[in-house]
1. Mind checking the full-extension length gain between ARG478 and ALA451? Use 0.36 nm per residue of separation minus the Cα-Cα distance, one decimal, nm.
2. How big is the stretch 385-488 by the Kirkwood estimate over distinct Cα pairs, in Å?
3. Need one number: nm distance between label points at ALA444 and SER43, each 7 Å from Cα along Cα→Cβ, rounded to one decimal.
4. Per-residue ellipticity at 222 nm for the chain, helices alone: DSSP H runs ≥ 4 residues times -39500 (n - 2.57), over residue total, nearest 500 deg cm²/dmol?
5. Note the per residue figure in Å³ for the convex hull of the C-alpha positions in the chain.
6. Excluding ligands, DNA and RNA, what is the solvent-accessible area per residue of the stretch 288-413 at a probe of 1.4 Å, expressed in Å²?
7. If R₀ is 45 angstrom, what is the calculated FRET efficiency for the pair ARG205 and LEU30, using the beta carbon separation as r and rounding to 0.05?
8. Roughly what would the spin-label model give for ASP465 and GLU490, points 7 Å off Cα along C-beta, in nm?
Amino acid sequence: MVLGAVPAESGRTEICVWAPNATRVSVRGLTLDRSENGFFTGSGAVDGDYRFEVDGKELADPCSREQPGGLRGPSRVLEVSSFEWTADPVEVPVDELVIYELHIGTFTPEGTFDAAIDRLDALAELGVTAIELMPVATFPGERGWGYDGVLTFAPHRAYGGPHGLARLVDAAHSRGIAVILDVVYNHVGPGSEILSAYGPYFTDRYDTFWGSAIDYSQRGVREWAIQNAELWVRDYKIDGLRLDATHAIFDESKPHLMSELAGRVHAAHEGALVIAEMEIGDRRPLDEWGHDAQWADELHHALHVLLTGERDGYYEDFGRVADLARAYGEDTRFVVCAQNHDQVGNRAVGDRLPPATRRVAAACVLFAPQIPLLFMGEEYGENAPFQFFTDHDDPAIAEATREGRKREFAGFGGFGGEVPDPQDPATFERSKLHPESGDSELRAFYAELIALRRSLPREVDTDADESARVLRVRRGDRELIADFNALTVEIR
């Protein structure tokens, strides 16, 4: 049974909602039938906007495909057959991935899916083979990183909603660029009471840094997550999913949720990639769950300390050239970077790498045999920060977010600066890109590096000179020499 309100060929709408705590569920006068395991189902002439009535309380559909009025508004039946497709999905082999991570709201002045289309040609020319969108599911307010999504089946209205996302995906495919979507199944943002009103979505058996842990021992909750993943690769023809913080997804079932999800995503879209974010040292995504790739922080941390000298917090275990050399020998299915949304945005003021370090950083990442990820704007030396911004409509949550950000940096004295107010619209505006003022020479350097990596063998040899703070990396007949004292890099 497919969760949500889905148009059928008969012209009617098939409806299914998991509400094990309810005694009666109806929608626009249609009373749904209760079936096993707490699912309510029905079929009727339901179109346009709707809400479920659950024991007399009106609620948005937890699997709503469209939220034209935002998180607090009604749901809307979406006819995905109205999407206009002109290009086929793009399948990129893992070893040919060059990923470009971007945030729709700050990628362009307009902050929409449609506006992002105009930047795709430049990415194709750069050599990018996949864009990775930070989460786009409906979250509280208009502005946010997207990791506080609540109605996870509905693309955010401020970005252009479902049709805008479909247009962006199709435009990327027409340029040979795959689309990877960041999805969040470890917690739900403020507004989670919409889900808990239906049933036991959450559990106190575990804790997460961001909110209540999700209870994946419940079949209805498992289907909520897995069907969401299937929706993106099926209805939107998205080519891969990046699963946020899988270490905070707790499940004692066999198979693990992350394994079941990967299998069903691969079945729904042959060639679709499943990429996990996971803590350092935990290889379950690759070794047990059948994922195709995994984010890895070791190379970033080692490189960042050599470039900046920062040793606060999680950087304290790094600082030797050998740390970076070791990272080059890791699994080639690891995704590596010098900057990403976490490593830039989760700094006190969201500052990027200093200009003097950028060429060295680019060369070290793009010469690696692992999967390189670029963070939007780094290829031309974007100087605007990427700060943490929110638009919570609950004053208590807004204040808790402000205080939480301040506490987060207590152990990172080297980051410096006063933490910007996440709720201030200016924090969001400061984070928008300015490619028109970019460094064309740096961009050309990135393009050359991306072109070079296509010719390099995967085998790698390294030599770390600690006294000179010089790293040598050889792949085939080409050698990278990075001098971390002089902050210079050469490729011979």
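1. In short, 8.4 nm is gained.
2. After inverting the pairwise mean of 1/r, the radius is 18.3 Å.
3. Here the answer is 6.4 nm between the modelled labels.
4. So the calculated ellipticity at 222 nm is -7500 deg cm²/dmol.
5. Expressed per residue, the convex hull around the Cα atoms of the chain is 138 Å³.
6. Per-residue accessible area for the stretch 288-413 comes out at 32 Å².
7. In this case the efficiency is close to 0.80.
8. It works out to 1.0 nm between the two label points.
The values are calculated or read from the model by the stated rules, or taken from the named source; none is laboratory data. None of these values were measured; they are calculated from a predicted model. We place every Cβ from the backbone using ideal geometry, glycine too, and count neighbours over all the protein chains shown. These accessible areas exclude ligands, DNA and RNA; they are computed on the full protein's heavy atoms, side chains included. Shrake-Rupley method; radii C 1.70, N 1.55, O 1.52, S 1.80 Å.
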